[in-house]
Each structure stands twice: as C-alpha cells, then as structure tokens.
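Bear in mind that the values in this text are calculations on the coordinates, not laboratory data. The structure displayed is predicted, hence computed values, not measured ones. Virtual Cβ from ideal backbone geometry, glycine too; neighbours counted across all protein chains shown.
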Amino acid sequence: MILKTVPDVTFKTRVRDESIEGPNPFRWEEKTSADYFAGKRVVLFSLPGAFTPTCSTYQLPDFEKLFDEFKEQGIDAIYCISVNDAFVMNAWGKSQNVDKVGLIPDGSGEFTRKMGMLVRKDNLGFGLRSWRYAAIINDGAIEKMFVEEGFSDNCETDPYGASSPQNILEALKAGDESVAA
Ligand code: BEZ
C-alpha cells in the first residue's frame, strides 16, 4: 500500500523545563503528527539508529549543514526520526550539536510501522528498526519518498544514497516534477 499522508501518531518527547529543579529538568510532552507536519513543507529522514556510524558521521550532520539550502528550496523544517526513545534521541542530538534538524523519537515504532518501513535488525541485536528512507511531506501529504534499495529484514548491508541530503536537494533543485512545490 502506498501511503498518501503520514500516519496520525502521538510521540512521547522529553522537553527541558526550567521550573523543574534538580539535575534533570525535563518533562514528558506528547507531540502529534499534526504538530510536526501540519501547515509546513518538510523533509523527514528516518534511519536505523541513533549513534550509529553512517547516521552520525554523514546523514544527520549533513542535513544540519545543508539546512539553509533546503530552506532556499521551500522546505520549512527538517526532521530526523528513529525507532529510539526520547532519552536516546535527545542525547544523540546533544552529542551532535544539532540545532536546526528536529529529532523525533518513535520509540515504539508506531509511525515507522504505519509508514511500512519497520524492519527486523535482529542480526545486529537491534530488534525492530526503521529502514533508511526520506520523504518530502507537504502539510502531511507525502510528495515523494526516497527509499534506500534492498528493503529487507536483517539486511547485511546499510545502503545509503537515495536518502542523503545531497540527493534530495538535487531533486528539489532540478524541479523534479514530483517534488515541485
Ligand atoms: C550506520 O549508520 O552505519 C549503521 C546503521 C545501522 C546498523 C549499523 C550501522
């Protein structure tokens, strides 16, 4: 089934709250798909795991570096989603000095499953995770998907190219008719 809109999901995030005393001034905050996607044209990229090498060395930092170029192409926000909980996603964002890319914790994998992108990574001891993909999403409607080749459970390789920021920018700049705003 090819989805036309992103699934309606509630995400459990952790946000800083200065009114909380002590060493851990964070509280839970629920955010919905509408909070992230309504009324905006965004790039979402989804990866197999926070702190993993390709994601930490290339994909996340490159989206961060190229953020302004995406803005010039009419993209309002860039989100990175992973089947990791809010504590892990926040720690990863902090370790990467992420400021422009928003991190979305899909800890239970509900969004990823409903996108049809949940795969087994038991071969790495990861359990259920996201296949690597990206999408251009306009007001919740999926304009175009960039899915890495070889979608499969327990894949022995980690294809990376289609969902790179460079590839998506190229498509946006080329005015690829399927991604024209
Ligand atoms: C990587 O990003 O390099 C990676 C992702 C998943 C499993 C192993 C490595």
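List of remarks:
- The residues of the range 95-146 that are in contact with an Asp or Glu (Cβ under 7 Å, 6 or more places away or on another chain), touching a residue at least 60 places away in the same chain (Cβ under 8 Å) and more than 11 Å from Ser46 (Cα to Cα), listed by number, are Gly107, Ile136, Ile137.
- Residues (part of a loop (DSSP other than H, G, I, E, B), out of contact with any helix residue (DSSP H, G or I) (no Cβ under 7 Å at 6 or more places or on another chain) and surrounded by fewer than 18 Cβ atoms within 10 Å (Cβ to Cβ)) located in the range 140-155: Glu149, Gly150, Phe151, Ser152, Asp153
- Within the range 67-92, considering residues that are among the small types (Gly, Ala, Ser) and either within 20 Å of Ile168 (Cα to Cα) or within 16 Å of the ligand (Cβ to nearest atom) (or both), the one farthest from the chain's Cα centre (by Cα): Gly74
- Filtering the range 32-66 to residues that are within 8 Å of the ligand (Cβ to nearest atom), small (Gly, Ala, Ser) and free of Cβ contacts under 8 Å to residues at least 60 places away in the same chain leaves only Ser56.
- Count - residues of the range 109-147 that are touching a strand residue (DSSP E or B) at 6+ places or on another chain (Cβ under 9 Å) and either aliphatic (A, V, I, L, M) or within 11 Å of the ligand (Cβ to nearest atom) (or both): 19
- Selection count, the range 20-37, where residues are of a type in the set (Phe, Trp, Tyr), surrounded by 13 or more Cβ atoms within 10 Å (Cβ to Cβ) and outside any helix (DSSP H, G or I): 1
- Every residue from the range 9-19 that is closer than 20 Å to Cys80 by Cβ and assigned to a loop (DSSP other than H, G, I, E, B): Val9
- Selection from the range 38-48 of residues that are assigned to a loop (DSSP other than H, G, I, E, B) and surrounded by fewer than 20 Cβ atoms within 10 Å (Cβ to Cβ): Ala38, Gly39, Lys40
- Cβ pairs under 6 Å, 6+ apart, first in the range 147-174 and touching a residue at least 60 places away in the same chain (Cβ under 8 Å), second outside any helix (DSSP H, G or I) and among the charged types (D, E, K, R): Ser163/Arg132; Ser163/Glu148
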